[in-house]
Amino acid sequence: MVQALEKAIVVLVGAGQASVLERADRLAELATGMLEPSTELIEDRVRRMKTVQQVFAEGDWITAEQINALQTEPPSNKSHPASDWKRRGRIFSVNYGGKEYFARYQFDALYQPLSIIKDLLKAFGEVADPWVLAAWFHFPNGWIAAPGLPGGAPVAPKEALNRADVVLNAAAQRRASYVA
C-alpha cells in the first residue's frame, strides 16, 4: 500500500497544481505515519462508502451524455443540457467511479428536470458532499408517510416527488432537526 501511495504522490506532484500538491502532502503524511486518522474517522468513511455503494447500486443513474442523447433535439455539446441544469440548481449529480451521474428520478418522461427538484435543492441548502443529497432522496424519511392510512410507513423522498408540499416540508424539517 505504501508503494502505491508513493507512486500516486509522484504522479500528483508531477501535475504541479496547488490543490493536487496539498492532497499529495496529505497522502505523504499518511504514508509516513505523520498523520494518523482516528478510528472514528476511518469508521465514518467506511460507513459513508457503504452508503454510497448502496445508493448507487439501488438507484437508476444516467450520465450527461445519456441525458443529451434522450433530448428531442440534442445539443452538440454532449455535456449539455445536464451541465447547464446543474449550474442553474435544477438538478444535482454525484461522482462514482470517476464519472458524473444524475439520478433518473430528477427527470420527467421527456428527460426534462422536474420543477420540484429545484425547489428541494433550494430548501435543502448548500451541501459539501452531493452523496448526502442522494442518500436523503433514496432512504425512507419519517416526515413522508405512505399515502392512504394515517401514520403510514415512511417512504423515500424520491418516491413522493408528486407530493410537493410533503417533500418540501421534509426538506425543511431536515434543516430544523437531527431526525429524518
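The shape of segment 66-160 comes out prolate: with a ≥ b ≥ c from the C-alpha gyration tensor, a/c is at least 1.5 and a/b beats b/c. The count of lysine pairs in segment 34-180 with alpha-carbon distances below 23 Å, taking only pairs 8 or more places apart or on different chains, stands at 13.
Stretched out fully, how many nm does the piece from Gln66 to His80 gain, at 0.36 nm a residue minus the Cα gap?
4.0 nm
Once the Cα-Cα distance is subtracted from the 0.36 nm per residue extended length, the Gln54 to Ala164 segment shows a gain of 37.0 nm.
Under the simplified labelling scheme, the Asp129-Val46 pair shows an inter-label distance of 1.5 nm, with each label point 7 Å from Cα along Cα→Cβ. Per-residue extension of 0.36 nm, minus the Cα-Cα distance of Asp25 and Asp108, leaves a gain of 25.4 nm for this segment.
Each reported figure results from applying straightforward, stated rules to the coordinates on display, with no laboratory input. Since this is a predicted model, take the numbers as computed values, not measurements. As a convention, Cβ positions derive from the backbone with ideal geometry for all residues, glycine included, and neighbour counts pool all protein chains shown.
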